[in-house]
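**Q** Mind having a look at this structure? Questions to follow.
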Amino acid sequence: MSAEFDPSEFVDSDFQAARQGSSGATAAASTTGAGGGSRAPSRVEVDSKVTEMQQKLVELKHAQQELERERAALEETRRRQSEVATGRQEMEQHLTRGLGLLEEAEFVARRDAEQMAKAIGEFQDALGKVQSIHEAGWSKDNLNVELTRAMTILENARMEWNSARLKFPVLSGALNADPVPSPGGPATLQEALQQKTYSELCKMGLALTWPIALIGLAIVLVLLMRHG
């Protein structure tokens, strides 16, 4: 007699389990796709997004301001560096040129000072010699000798004076200074003479010429006495 029929012997349990799992996953995926893809963002989510964007904009603005400050600081540093470089080059040129000019001027001034000191000594010596001339102490015996000595002293002093005038223009300036006219007086001799009358001019001429006339008359008298 045949054995009793068992249906479980003809069912693959692994296949059935895999089929059921696949069907459940497909259904869950269909449900999730239908609900999540079509849902609109809520007002809370939009407000959150807006707040987040505003916060990012504020941070970006702060970052921009910080970059602007850094850029301004760098530009100021670059300007000061350029000013330092330009100023250094300019002052090096000015100081180098000025140093050369001052050294040359100092050399000339030192040389002039030495020459002036020498001229002062020579002037003092010449002045002492000129002041040593005393005509009151001359006699008939040493008159010619003293005259020769005095003329030599004066000639040497004149040479010292003319030589110093060529070296030091200040001496020529002091010598050639125009005299200051007296207040209210005539500026020149010609103007003074033009202001005189004819009689005053005759008196002035007589006053100037009478010594010459007197000398001439004395000579005539001496000659007449000799011939007589």
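**Q** Conditions first: (1) exposed (fewer than 11 other Cβ atoms within 10 Å of the Cβ); (2) among the small types (Gly, Ala, Ser); (3) within 42 Å of the chain's Cα centre (by Cα). Ala119 passes all but one, so which condition is the exception?
**A** Every listed condition holds for Ala119 apart from (1).
**Q** Among Arg97, Arg43, which is within 26 Å of the chain's Cα centre (by Cα) and not aliphatic (A, V, I, L, M)?
**A** Details: Arg43 fails: within 26 Å of the chain's Cα centre (by Cα).
After applying the criteria, what remains is Arg97.
**Q** How many residues are surrounded by 11 or more Cβ atoms within 10 Å (Cβ to Cβ) and over 26 Å from Ala164 (Cβ atoms) if we restrict to the range 122-144?
**A** Residues meeting the conditions: 3.
**Q** Can you tell me which of Leu127, Leu154, Leu57, Leu102 is over 19 Å from Leu171 (Cα atoms) and more than 31 Å from the chain's Cα centre (by Cα)? Give the steps one after another, and end with the answer.
**A** Working: Leu127 fails: over 19 Å from Leu171 (Cα atoms); Leu154 fails: over 19 Å from Leu171 (Cα atoms); Leu102 fails: more than 31 Å from the chain's Cα centre (by Cα).
Answer to the selection: Leu57.
The numbers here are math on the coordinates, done by the rules we state, and not lab data. The structure presented is a predicted model; accordingly, all values stated were derived computationally and were not measured. Positions of Cβ are generated from backbone atoms using ideal geometry, with glycine treated the same way; all protein chains shown enter the neighbour counts.
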